[in-house]
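Contents: one structure, followed by commentary.
The values are calculated or read from the model by the stated rules, or taken from the named source; none is laboratory data. Please read all numbers here as calculations on a predicted model, not as lab measurements. Note that we place each Cβ from the backbone using ideal geometry, even for glycine, and neighbour counts take in every protein chain shown.
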Amino acid sequence: MAFQCQRDCYMQEYSTSVVSCAEAELQLENNGKKEKVKGYNIKLKDTILFPEGGGQPDDRGTIGGVSVLRVLRQGPDAVHFVGSALQEGQEVQLKVDWERRFDHMQQHSGQHLVTAVAESMFGYKTTSWELGRQRSVIELDTPSVKPGEMEALEAAVNQKIRDRVPVTVQLLAIDDPAVEKVRSRGLPVDAAGPIRIIDIEGVDANMCCGTHVSNLSDLQMIKILGTDKGKKNKTNLIFLAGNRVLKYADRCYSTEKSLIGLLKTGPEDHVEAVDKVQKTVKRLQKSNLTLLREMAVLIAQNFKNSPEKGNFFTLHNKDGDNEFMNTIANEIGFEHTTVFLTVGEEKGAGMFLLAGPTATIDTLGKRVLELLQGKGAGKNGRLQGKAGTLAKRADVETLLREHCSQGKTTGEE
């Protein structure tokens, strides 16, 4: 059967009753981490909350004031996952997160429109699509598109929007001969009830379970951002529809204003200004690397020429790199001298180099890694890698100094 959300995609509130409530567990993603949440699976007599399907994400909303965390389809039923139990037979009021729903309607109907026009204009068939959080992607069955085609496609679909073309829903029996004439990528194995057809008048008729606008004018406009290379000789077409275009324009304008303040130029000169900045940065980075190498040599020579030098040398430099540390170690030599060098933020993560007599490194290397929460590798008296934290750098120095003092007087740069 068709749910109420499919019969009337614009309905935002709805009264129904609870058919069943069962304990359940669902894996949700929170700030990039997956966690299992205990709750309840609720089945309702009917629903205005769309279950995931047809490339469209599920709705959010509330049932009797209880937040709905997921809605999935199981055969003919929609299963709502919530955090609190509801009584079977209980009358409840449903509310849909309308901003999310209408956004999905705009993107989904926009996909149908772009797909149909791309095929009629250029013969490019759609093999899949993804409704993303910020932008949507249509996979076209072509290795590439020709120059000017996407601009022509964008103009054509926006003309359909301006023409206020109606979008209607038809319900056909599975064995209806008309089903064979409808564009489709196939039915789910557990499909039940009549087949739902989304008909964009004079443009496209497509089998689909999703929620859609009733007129293309509700799409407002479509912006094709461009294309990139897809998998297996496919091309990905990236687009925005409706309110996403307005939000995109707002973000672009905010970025433009920020760049005007930073670059002190008008928008038409931003690319040239950024190019100049990048070239300047590259020159400065090259000069900085040269200075670091020269400084490393001078530091090493200063230590070697010191009459009070011992058998231990240590140094921390916030701006150094691996080459800086290696230059110092190689210039000093570590056959008879233990060298401990670090670069990076003093209390944060960084990089380290420990070099010295093989016996010293073999004896203390593991403990040094533990203190630095580091990972490293090396051989022949050298241990080098990343430090999870440099907060205990002083403890490493003390450890190495005490070990070296057993040999002869130590020295430090």
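Tabulated data for the structure shown
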{"item": "Conditions (1) part of a strand (DSSP E or B); (2) in contact (Cβ under 8 Å) with a residue 40 or more places away in the chain; number of the one not met by D228", "result": "(2)"}
{"item": "Residue count, the range 1-36 (criterion: part of a strand (DSSP E or B) and either surrounded by fewer than 13 Cβ atoms within 10 Å (Cβ to Cβ) or not polar (S, T, N, Q) (or both))", "result": "19"}
{"item": "Residue check for E13: more than 25 Å from G132 (Cβ to Cβ) and not assigned by TED's automatic domain parsing to the domain that holds N206", "result": "yes"}
{"item": "Some residue of the range 311-328 being closer than 21 Å to A391 by Cβ and of a type in the set (A, V, I, L, M)", "result": "yes"}
{"item": "Among (1) modelled with pLDDT of 95 or more; (2) surrounded by 10 or more Cβ atoms within 10 Å (Cβ to Cβ) - the single one L289 does not satisfy", "result": "(1)"}
{"item": "Identity of the residue in the range 154-172, within 18 Å of M105 (Cβ to Cβ) and under 32 Å from the mean Cα position of the chain (by Cα), that ends up surrounded by the fewest Cβ atoms within 10 Å (Cβ to Cβ)", "result": "N158"}
{"item": "Single residue of T363, T342, T338, T389 found to be farther than 25 Å from V297 by Cα and in contact with a Gly (Cβ under 8 Å, 6 or more places away or on another chain)", "result": "T389"}
{"item": "Residue, farthest from G320 (Cα to Cα), within the range 390-404, restricted to residues that are touching a Lys or Arg at 6+ places or on another chain (Cβ under 7 Å) and outside any helix (DSSP H, G or I)", "result": "A391"}
{"item": "Matching residues in the range 337-364 - criterion: being crowded, with 18+ Cβ neighbours inside 10 Å, part of a helix (DSSP H, G or I) and either touching a helix residue (DSSP H, G or I) at 6+ places or on another chain (Cβ under 6 Å) or free of Cβ contacts under 8 Å to residues at least 40 places away in the same chain (or both)", "result": "I361, L364"}
{"item": "Selection from the range 278-296 of residues that are within 16 Å of V343 (Cβ to Cβ) and basic (K, R)", "result": "R293"}
{"item": "Residue match in the range 82-94 (condition: touching a residue at least 12 places away in the same chain (Cβ under 8 Å) and within 23 Å of C208 (Cα to Cα))", "result": "no"}
{"item": "Some residue of the range 43-66 being surrounded by fewer than 20 Cβ atoms within 10 Å (Cβ to Cβ), in contact (Cβ under 8 Å) with a residue 40 or more places away in the chain and hydrophobic (A, V, I, L, M, F, W, C)", "result": "no"}
{"item": "Matching residues in the range 297-336 - criterion: being surrounded by 15 or more Cβ atoms within 10 Å (Cβ to Cβ), of a type in the set (S, T, N, Q) and under 41 Å from the mean Cα position of the chain (by Cα)", "result": "N317, N326, T327"}
{"item": "Test: residue in the range 45-52 that is at pLDDT 95 or above, over 26 Å from I174 (Cα atoms) and of a type in the set (K, R)", "result": "no"}
{"item": "Residue match in the range 372-380 (condition: of a type outside the set (V, I, T), at pLDDT 95 or above, in a strand (DSSP E or B) and under 39 Å from the mean Cα position of the chain (by Cα))", "result": "no"}
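Each row is one residue, and each column tells you yes or no for (1) within 26 Å of the chain's Cα centre (by Cα); (2) within 16 Å of Q12 (Cα to Cα); (3) in the same structural domain as G132 (by TED's automatic domain parsing); (4) of a type in the set (D, E).
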{"residue": "N31", "(1), (2), (3), (4)": "yes, no, no, no"}
{"residue": "D58", "(1), (2), (3), (4)": "yes, yes, no, yes"}
{"residue": "Q87", "(1), (2), (3), (4)": "no, no, no, no"}
{"residue": "L113", "(1), (2), (3), (4)": "no, no, yes, no"}
